[in-house]
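> Have a look at this one.
The values are calculated or read from the model by the stated rules, or taken from the named source; none is laboratory data. All of these numbers come straight from a predicted model, not from anything done at the bench. As a convention, Cβ positions derive from the backbone with ideal geometry for all residues, glycine included, and neighbour counts pool all protein chains shown. Note: accessible area is taken over every heavy atom of the protein model, side chains too, but ligands, DNA and RNA are not part of it. Shrake-Rupley method; radii C 1.70, N 1.55, O 1.52, S 1.80 Å.
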Amino acid sequence: MELIGQTTESLATHRQRLGPLPTLPPEELIAELESSGLLGRGGAGFPVGRKWRTVAERSSGRAVVLANGAEGEPLSRKDRSLMATRPHLVVDGALLAAGAVGANDIIFYVGTEHRAAEAAMRHALAEHPADIQGRAQIVSAPPGYVSGEESAAVHFVNEGDARPTTTPPRPFDRGVGGRPTLVQNVESLALAALIARRGRDWYVDQGRRGGIGLITVSGAVKRSGVQEIALGSTLSDVAAAAGGLRGDAQAVLLGGYFGGWAEVDEQWGLPLEPRSMRARGLAHGCGVVHFLSADSCGVEATSRIMAYLASQSARQCGPCVFGLSAIADATQRLAARSAHANDLDRLVRWSGQLTGRGACHHPDGAVGLIRSSLQLFADDFAEHQRRRCLTVSRPERVAVA
């Protein structure tokens, strides 16, 4: 496997498997990434080559690379698995990015709870020469859903406060220490290192014309865990690789808590490729695939997610502090079959009013989740408004912090 393994790979084994780190001129490497079509894997799906070019154009040799391994999404395990087993691939990607954008300093921003990942990254850096060690540092990202948002990561490095900044400049203009900063997810960097070695055609061919990547599968499957897939793979392929479904699954959560619920049967034979998913109104996000079992209530599962997202507010604006709290409270009342009059109508109205009004994108992501739930579980919500449930339910154990 290219991106993940069973044990931590040493530098010697890494080089034996993949060969030395290539030396490509910055323009050539950036052009290769652009033509590969590689999209970022942190959630937003921004084109990697374009992001590197944007920073390179502003750098003047003083940029910073921030390798983002915060991974605050409760249902995702891919980034920590990658760092724990293939740390040198992440280091390679960061070194290539630094050379391409004109950066001397590299920061590895690793979730403080991801102890195995941090230990592997520290050991990997210690295997490199002193000049590379002197350029790199590891910063422990605090727990929290928004800690991995790129401006929050920069704000934490600068000020010790992992909250998104609400106004420009963005990190690519002025980030760590006021310098242009490339904030790139660790999986994106690892894939860039593979493309630099093997070329854009390898990446496209490996993915059946869609690329390759990591996803985290959980819920009503026989074997939860991280999978490395061709992005042309279908939902049925992923379920099969997880040992198959445990009974029937009534819905699937795609993209994580900032993604959305979808009908399993409708998506079963369709690819998990980000552009294809976007065209279908779905989000690949951070590569989460969570199957909801048929004997679990979608309203209850959604209420747990909304309560968590409301608790993770950066508390910088009214739409996030009061809007998400009101949505979470109403969803919880509906789930508990103790709804107030018009709770469901309020949810529909509020979810349409909140988009684009927050100081950061946290409210937008949360609203996307609740709107998908209101659509897919419409009959369930209607019954919960009447204080009844269509499902003889055991509470779904949707992972939250």
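> Could you please find all residues in the stretch 23-79 being touching a residue at least 40 places away in the same chain (Cβ under 8 Å) and either assigned by TED's automatic domain parsing to the domain that holds Glu228 or assigned to a strand (DSSP E or B) (or both)?
If the condition is that a residue be touching a residue at least 40 places away in the same chain (Cβ under 8 Å) and either assigned by TED's automatic domain parsing to the domain that holds Glu228 or assigned to a strand (DSSP E or B) (or both), then Leu39, Ala63, Val64, Val65, Leu66, Ala67, Asn68, Gly69 are the ones that fit.
> Find the residue count for the stretch 276-325, including only residues that are in contact (Cβ under 8 Å) with a residue 24 or more places away in the chain and within 30 Å of Leu38 (Cβ to Cβ).
Here the count works out to 16.
> Just checking, how many residues over the stretch 120-138 are of a type in the set (A, V, I, L, M, F, W, C), farther than 11 Å from Ile106 by Cβ and open to solvent by 20 Å² or more (accessible area, probe 1.4 Å)? Even if it seems obvious, please write down each step before you answer.
Of the residues in the stretch 120-138, the ones of a type in the set (A, V, I, L, M, F, W, C) are 120-121, 124-126, 130, 132, 136, 138.
Next, from what is left, pick out any that are farther than 11 Å from Ile106 by Cβ: 120-121, 124, 126, 130.
Subsequent filtering for residues that are open to solvent by 20 Å² or more (accessible area, probe 1.4 Å) retains 126, 130.
Of the residues in that region, 2 qualify.
> So, one more: From (1) surrounded by 23 or more Cβ atoms within 10 Å (Cβ to Cβ); (2) part of a strand (DSSP E or B), pick out the condition that doesn't hold for Ala162.
Here Ala162 clears every test but (2).
> Here's another thing I want to ask about it. So is Arg77 of a type in the set (D, E, K, R) and touching a Gly at 6+ places or on another chain (Cβ under 8 Å) or not? Steps first, answer last, please.
On the way: of a type in the set (D, E, K, R): yes; touching a Gly at 6+ places or on another chain (Cβ under 8 Å): yes.
Criteria met by Arg77.
> So Val289 passes all but one of these: (1) of a type outside the set (D, E, K, R); (2) in contact with a helix residue (DSSP H, G or I) (Cβ under 6 Å, 6 or more places away or on another chain); (3) closer than 28 Å to Ser338 by Cβ; (4) not in a loop (DSSP other than H, G, I, E, B). Which condition number does it fail?
Among (1) of a type outside the set (D, E, K, R); (2) in contact with a helix residue (DSSP H, G or I) (Cβ under 6 Å, 6 or more places away or on another chain); (3) closer than 28 Å to Ser338 by Cβ; (4) not in a loop (DSSP other than H, G, I, E, B), the lone unmet condition for Val289 is (3).
> Looking at the stretch 286-304, which of the residues that are farther than 14 Å from Leu235 by Cβ and out of contact with any Asp or Glu (no Cβ under 8 Å at 6 or more places or on another chain) is most open to solvent (accessible area, probe 1.4 Å)?
Residues of the stretch 286-304 farther than 14 Å from Leu235 by Cβ: 286, 293-304.
Narrowing the set further to residues that are out of contact with any Asp or Glu (no Cβ under 8 Å at 6 or more places or on another chain) leaves 295, 302-303.
Values: Asp295: 70, Thr302: 0, Ser303: 9 Å².
By that ranking, first place goes to Asp295.
> Looking only at the stretch 19-52, how many residues end up being at positive phi and under 19 Å from the mean Cα position of the chain (by Cα)? First the steps, then the outcome.
Going through the stretch 19-52, the residues at positive phi turn out to be 19, 37, 43, 45.
Keeping just the survivors that are under 19 Å from the mean Cα position of the chain (by Cα) gives 37, 43, 45.
Number satisfying all stated conditions: 3.
> A follow-up question, please. Restricting attention to the stretch 364-381, which residues are among the hydrophobic types (A, V, I, L, M, F, W, C) and touching a strand residue (DSSP E or B) at 6+ places or on another chain (Cβ under 8 Å)?
Let us first name the residues in the stretch 364-381 that are among the hydrophobic types (A, V, I, L, M, F, W, C), namely 366-367, 369-370, 374, 376-378, 381.
Of everything in the stretch 364-381, those that are among the hydrophobic types (A, V, I, L, M, F, W, C) and touching a strand residue (DSSP E or B) at 6+ places or on another chain (Cβ under 8 Å) turn out to be Leu369, Leu376, Phe377.
> Restricting to the stretch 121-151, and then to whatever is closer than 23 Å to Ser10 by Cβ, of a type outside the set (Asp, Glu) and part of a loop (DSSP other than H, G, I, E, B), can you tell me which residue is farthest from the chain's Cα centre (by Cα)? Walk me through it before giving the result.
Filtering the stretch 121-151 for residues closer than 23 Å to Ser10 by Cβ gives 121-138.
Right, trim to of a type outside the set (Asp, Glu) and you get 121-126, 128-130, 132-138.
Restricting the remaining residues to those that are part of a loop (DSSP other than H, G, I, E, B) gives 128-129.
Working: His128: 28, Pro129: 31 Å.
Among residues in the stretch 121-151 that are closer than 23 Å to Ser10 by Cβ, of a type outside the set (Asp, Glu) and part of a loop (DSSP other than H, G, I, E, B), the one farthest from the chain's Cα centre (by Cα) is Pro129.
> If you don't mind, there's one more thing I want to ask. Among the residues of the stretch 70-79, is any surrounded by fewer than 24 Cβ atoms within 10 Å (Cβ to Cβ), closer than 22 Å to Val139 by Cα and of a type in the set (Asp, Glu)?
Within the stretch 70-79, none of the residues are surrounded by fewer than 24 Cβ atoms within 10 Å (Cβ to Cβ), closer than 22 Å to Val139 by Cα and of a type in the set (Asp, Glu).
> So is Arg115 more than 20 Å from Pro47 (Cβ to Cβ), surrounded by fewer than 24 Cβ atoms within 10 Å (Cβ to Cβ) and of a type in the set (Lys, Arg) or not?
Numbers: more than 20 Å from Pro47 (Cβ to Cβ): yes; surrounded by fewer than 24 Cβ atoms within 10 Å (Cβ to Cβ): yes; of a type in the set (Lys, Arg): yes.
When the stated conditions are applied, Arg115 passes them.
> Across the stretch 308-330, what is the number of residues that are part of a helix (DSSP H, G or I), surrounded by fewer than 19 Cβ atoms within 10 Å (Cβ to Cβ) and not aromatic (Phe, Trp, Tyr)? If you could, list the steps in order and put the result at the bottom.
Of the stretch 308-330, the ones part of a helix (DSSP H, G or I) are 308-311, 318-330.
Among the residues that remain, those that are also surrounded by fewer than 19 Cβ atoms within 10 Å (Cβ to Cβ) are: 308, 311, 318, 321-322, 325-326, 329.
Still in the running and not aromatic (Phe, Trp, Tyr): 311, 318, 321, 325-326, 329.
Within the stretch 308-330, residues that are part of a helix (DSSP H, G or I), surrounded by fewer than 19 Cβ atoms within 10 Å (Cβ to Cβ) and not aromatic (Phe, Trp, Tyr) number 6.
> Looking at Gly365, Gly356, which one is assigned to a loop (DSSP other than H, G, I, E, B) and either in contact with an Asp or Glu (Cβ under 9 Å, 6 or more places away or on another chain) or modelled with pLDDT of 85 or more (or both)? If you could, list the steps in order and put the result at the bottom.
Numbers: Gly365 fails: assigned to a loop (DSSP other than H, G, I, E, B).
Exactly one residue qualifies, and that residue is Gly356.
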